[in-house]
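Input: a single structure, listed below in structure tokens.
The values are calculated or read from the model by the stated rules, or taken from the named source; none is laboratory data. Nothing here was measured: the structure is a model prediction, and the numbers come from that model. Glycine gets a Cβ as well: all are built from the backbone with ideal geometry, and neighbour counts include every protein chain shown.
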Ligand code: BES
Ligand code: ZN
């Protein structure tokens, strides 16, 4: 097999030899053929004497020709074998010239199999008027949209000119400039973008559709189809407050605009921190702002992830662990409630336990720093980097003197590494250099075990459980009650709990041995949980129903997995159905029926979960 980079097990590129320093995209969106076509100009810099080739990552793109952008002379290239997840290595022969820098122009088009893009027919949108297109490049899908050095080790500024039909709004992970009229076709517009801050390729993003916006803050708009725009503006009205809280923690927000885009329901994640334009799932629209912590999370990435970036996907916890940590700081500050932060941390630790023990069976992906040689990061994805990373940071915070001290460290960490890509050892070295007077304390941390051991974190901190107690009490009453003791429960049981606590109450029961069908039926009769629209509550309630083998719940589960495609919800529900013999064929049948409409990544992951590949 063609060698992958020694620096990044998921990329062929060799930025240590020849590095891309800027990227200009000139593309046209063609909804009929479901392609982006045009070219990309890559400014490159030779890093060593005698370097003759530029190595790029690509996946399923068709290349028409490659030229020297300065004089249009064709350049020779070879395209390696298709390796699947990692795509094909593209080796371009650089012009023989005395200068160490060049601009390479790759004329190409994406293919309908492009894994970064989902194309929707008008019927699949809320308004049903226009087609829709969106990208998801993290972790290694950018190469299917743009030939590039698809490694987070390097960062480049980019510009884009994107031609699209007039009634389609195009947005990207960049600052928007005024669109230009098309020189020869009055039905088209040329949308222009500029991202001046250098970013890794996984943060390149594009969306096109029948979009509207509402202003929700001095530097923020929410974008979505007009059917949802008012609702979205209300749900995310705390955005500016969150940004300001993040700034107080980590320093100025340097990206200019912070907009939100609410995607169609097939968007596979809760949120994605595309610079200047966070993408979120419509399942956050709960009506009561109770799921807006995902926005706090994506805002936090503007520092941890987008400014300080993991050098490769093995160090993904640097992105997500720090971001969880900051997210929970923001949430606690907005509620002025430290106990709430620890309640969320405790819930996270419980979820981590299920993930590590039940889903990942204490296997190799339960390491904080996994070995990703030959591994598609989508296959290794789990909450481990999020929650194990968070646990390590919370543990260190306590060990090193508490929030005031540790928050200063975080700010210094961002200041030190902003606009760089780093690995866990650089993080650790900085920790040691920052806390010079606490070397002994730091030496008491078993670093190798934290970084490389499989299974649960070495230490689970003792969290404040004041908000957890009522959830736990109620869940324990339900698990321990015998079937003739069910009259102790009444509809008022939930009224003193917040929606996050109801979510936690159900989560605790999901982790217990299955409740009997009688109990689950009683619970529905009293609490009317089938009527709850909050996606996090609904998700856990449906899991509980499947575990109790309630047949009537199966169609409700299918409705939920068919009407949205957030993998966090869809994958465990399919797995639960798969684990119930009677429901297994129904799950497989439902998947076969709907996979054509699903996001590529969701369909690929589900096929694996259902052991169909
Ligand atoms: N960057 C991630 C999403 C992601 C990770 C996409 C890896 C592709 C590969 C995003 O910031 C995220 O973590 N989203 C979470 C939100 C959450 C933890 C609050 C999600 O999607 O659930
Ligand atoms: Zn994240």
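Being in a loop (DSSP other than H, G, I, E, B) and farther than 19 Å from residue 143 by Cβ holds for only one residue in 50, 84, and it is 50. Do we find a residue being out of contact with any strand residue (DSSP E or B) (no Cβ under 9 Å at 6 or more places or on another chain) and within 16 Å of ligand 2 (Cβ to nearest atom) anywhere in the range 306-320? Checked against the condition, which is being out of contact with any strand residue (DSSP E or B) (no Cβ under 9 Å at 6 or more places or on another chain) and within 16 Å of ligand 2 (Cβ to nearest atom), the range 306-320 yields at least one hit.
State whether one or more residues within the range 327-343 are over 29 Å from residue 575 (Cβ atoms), within 15 Å of ligand 2 (Cβ to nearest atom) and surrounded by 20 or more Cβ atoms within 10 Å (Cβ to Cβ). Checked against the condition, which is being over 29 Å from residue 575 (Cβ atoms), within 15 Å of ligand 2 (Cβ to nearest atom) and surrounded by 20 or more Cβ atoms within 10 Å (Cβ to Cβ), the range 327-343 yields at least one hit.
Listed residues 41, 57, 8; which is modelled with pLDDT of 95 or more, within 25 Å of the chain's Cα centre (by Cα) and not in a loop (DSSP other than H, G, I, E, B)?
Exactly one of 41, 57, 8 is modelled with pLDDT of 95 or more, within 25 Å of the chain's Cα centre (by Cα) and not in a loop (DSSP other than H, G, I, E, B), namely 57.
Within the range 574-589, the residues that satisfy the criterion of being surrounded by fewer than 19 Cβ atoms within 10 Å (Cβ to Cβ) and under 26 Å from residue 119 (Cβ atoms) are 588, 589. Do we have any residue at all in the range 381-398 that's farther than 28 Å from residue 152 by Cα, out of contact with any strand residue (DSSP E or B) (no Cβ under 9 Å at 6 or more places or on another chain) and modelled with pLDDT of 95 or more? Yes, that holds for at least one residue. Considering 264, 275, the condition of being in a loop (DSSP other than H, G, I, E, B), surrounded by 24 or more Cβ atoms within 10 Å (Cβ to Cβ) and either touching a residue at least 60 places away in the same chain (Cβ under 8 Å) or within 14 Å of ligand 2 (Cβ to nearest atom) (or both) is satisfied by 275 alone. On the given criteria, is residue 270 surrounded by fewer than 23 Cβ atoms within 10 Å (Cβ to Cβ), touching a residue at least 12 places away in the same chain (Cβ under 8 Å) and within 14 Å of ligand 2 (Cβ to nearest atom)? Yes: the conditions hold for residue 270.
Of the conditions (1) over 20 Å from residue 152 (Cα atoms); (2) touching a residue at least 40 places away in the same chain (Cβ under 8 Å); (3) surrounded by fewer than 17 Cβ atoms within 10 Å (Cβ to Cβ), residue 22 clears all except one; give me its number. Residue 22 satisfies every listed condition except (1).
Residue 305 satisfies every condition listed in (1) under 14 Å from the mean Cα position of the chain (by Cα); (2) more than 25 Å from residue 5 (Cα to Cα) except (2).
The test for being in a helix (DSSP H, G or I), at pLDDT 95 or above, within 15 Å of ligand 1 (Cβ to nearest atom) and touching a helix residue (DSSP H, G or I) at 6+ places or on another chain (Cβ under 7 Å) holds for residue 283. If you filter the range 60-81 down to residues that are touching a residue at least 60 places away in the same chain (Cβ under 8 Å) and assigned to a loop (DSSP other than H, G, I, E, B), you find that the one that is surrounded by the fewest Cβ atoms within 10 Å (Cβ to Cβ) is 81.
Residues that are under 15 Å from the mean Cα position of the chain (by Cα) and buried (at least 20 other Cβ atoms within 10 Å of the Cβ) within the range 367-380 comprise 377, 380, listed in sequence order. Restricting 271, 251 to those that are touching a helix residue (DSSP H, G or I) at 6+ places or on another chain (Cβ under 7 Å) and within 11 Å of ligand 1 (Cβ to nearest atom) reduces the list to 271.
Only one of the numbered conditions (1) within 14 Å of the chain's Cα centre (by Cα); (2) surrounded by fewer than 24 Cβ atoms within 10 Å (Cβ to Cβ) is not met by residue 317, and that is (2). Selection of the range 525-546 for residues being touching a helix residue (DSSP H, G or I) at 6+ places or on another chain (Cβ under 7 Å) and farther than 30 Å from residue 136 by Cα yields 526, 527, 529, 530, 544, 545, 546. Among 289, 350, which is more than 16 Å from ligand 2 (Cβ to nearest atom) and free of Cβ contacts under 8 Å to residues at least 60 places away in the same chain? It is 289.
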